[in-house]
Amino acid sequence: MLYSSLNKQKMLNRFLCFAFTMMLAGCSTGVNFNPAAFFKGNTPKKQCKQYSQLSLADANAKMDLTIYQLQHNIERSLVFREKITANLAKLTQYTDQDKPFSPLLIDKLSQAIKTEIDLMRPILATAVRHGCWIKHEKLKVKNSIKLKGNMIVLATLVSLYDEYGTVFAVISENDRLRRFLNNADSGYDRDEYLLESLTKMFIDSDLLSYTTELIQEYNQGKDVIEQLAQGDDNLAYLINVVEQSKSFPVLLEMDFFDAANYRRKVRRRVTSDTLQNIGRATINGLSEGFSNAVGDYEERKGLLYQDKQVAAALTSQLQIGDILLEKTPFRLTDSMIPGHWGHAAVWIGTEQELKSIGLWQHALVKPYQQQIQAGELIAESLRSGTQLSSLAHFLNVDDVAIVRSKKLLSKAQLRETILLALRQIGKAYDFNFDVETTDKIVCSQLVYLAYSHIQWPTESTLGRYTISPDNIAVKALNDGPFELMVFYHDGKLMKNNPLELMGTLMKNE
């Protein structure tokens, strides 16, 4: 049938290319997916026409190189996917516990999803480049080349469905994981609702319909394709990808009643999440309005304001990775924060310190090199956003403390802490004070996220987990992992029993 007359080949082309056109462009299916956004504005160019300008030998070589690169990308994705799926059961068990996501979990989960998306991107890019054969059906290219091009698209399709089914579909079923990953996080280059946009793409009715039909077409002509692959290892590899795919038999026997039910379930889930986000946004807006209304009011300047002697003394004491705590009782917003301390920040270190741990030329540090050289060495989250500030700017306070890890941190640990702190720069302030939402953060959450290896105490308030500056400071008390290095109280350096005094002040608040 097909592969002798090529009628079936044309049908297979049509199914493959139309399905991926639907997936990548959205068409009229209602797919909420923007390939330009997925590729960060660098959507790959289609390559079909290029093959008409090549000799058969060169066209085969070019196609085989594409398959070789695709194999590399699929294998990398498969290895990483297995690591994620091995931990998904433990992860879902963790979410059932009545405790917040730890900073280590937040970082590892965010890194894992970023890596997963990064691994999917070149596979999807390959589909984009080869999803054009139907448009150029009459292109003067050998049918063996067209067959490989179409098989590349089919292999990428089932591979991406495997990716979705074993990772993203499982995560989407867990309310806490789904809501966490649907929040944007600029520190990990994660767009808002990325998880849901992927879900909508993969469960689109038109996409599923065309995908199952093209798979059925492949299945009907499989014997002939396998014969052609006997002398072609690259074509044989593509067949193997399809045959070994976990999604292949599912899509082959797809029950569209089940698919419709799943789409309804997703719509209900999206509605629930949207309502929760509206509630979160409302609380955030009210808190922001209140804070902005009273936040700028201060009865006076801080007792350490523009004190150059204190600034010099603190600068001589501060080391990379130190935590700064401050209190401003003359500001109305300070009285609304539970505990003695009203603010926390991280000292990211000087140029020389960053060079000493091998971070100065890191991609996350480079954008801030000029600010660091200008003395803006404090990473802090303010009502205006998360930024780098100078010590002079920071010292409009009455109380200030420096706390430091008792254990000498290795260069690797310091690098991780500083990079995690810098990942937060540019984020808006979270007036909802929720440690599990990282698109916006508060001051103490910056420390919480930067020191991911510390088990920080949190409070449960109005259905969310929060962390205050006192929750940070308490780790310097009672044989905690941090020690108090310097403490100024009411504008004066505390030399006698400063740790005991700090503990008393925190207890009395």
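Every read-out reported here was derived from the displayed coordinates using simple, explicitly stated rules and does not represent laboratory data. Since this is a predicted model, take the numbers as computed values, not measurements. For neighbour counting, all protein chains shown are included, and Cβ atoms are generated from backbone atoms with ideal geometry for every residue, glycine included.
Relative to its residue count, the range 139-230 spans a Cα convex hull of 150 Å³ per residue.
In order along the range 196-204, the Karplus-derived 3J(HN,Hα) couplings, from 6.51 cos²θ - 1.76 cosθ + 1.60 at θ = phi - 60°, round to 6, 5, 5, 4, 4, 5, 6, 9, 4 Hz, and Gly and Pro are given as x. Between the range 398-420 and the range 148-204, what is the separation of their alpha carbon centroids in Å? Using only Cα atoms, the two centres lie 36 Å from each other.
Applied to the range 468-483, the Karplus parametrisation 6.51 cos²θ - 1.76 cosθ + 1.60 on θ = phi - 60° returns per-residue 3J(HN,Hα) values of 10, x, 5, 5, 6, 5, 4, 6, 9, 9, 6, 6, x, x, 10, 10 Hz, with x for Gly and Pro. Residue separation of L78 and S356 scaled by 0.36 nm, minus their Cα-Cα distance, works out to 96.4 nm of gained length. On full extension, the segment bounded by A312 and E509 gains 67.9 nm, given 0.36 nm per residue less the C-alpha separation. Dividing the alpha-carbon radius of gyration of the range 308-508 by the rule-of-thumb value 2.2 N^0.38 Å gives 0.96. For D490 and K406, the FRET efficiency from 1/(1 + (r/R0)^6), where r spans their Cβ atoms and R0 equals 22 Å, is about 0.25.
In order along the range 97-106, the Karplus-derived 3J(HN,Hα) couplings, from 6.51 cos²θ - 1.76 cosθ + 1.60 at θ = phi - 60°, round to 7, 7, 7, x, 4, 5, x, 5, 5, 4 Hz, and Gly and Pro are given as x. Taking amide H positions as modeled 1.01 Å from N, with prolines and chain starts lacking one, the residues under 5 Å from H343 and 5 or more places away or on another chain are E326. Fully extending the segment from R300 to Q319 would add 3.8 nm, taking 0.36 nm per residue of separation and subtracting the current Cα-Cα distance. Each residue, L364 and E459, gets one label point 7 Å from its Cα in the Cβ direction; the gap between the two is 2.9 nm.
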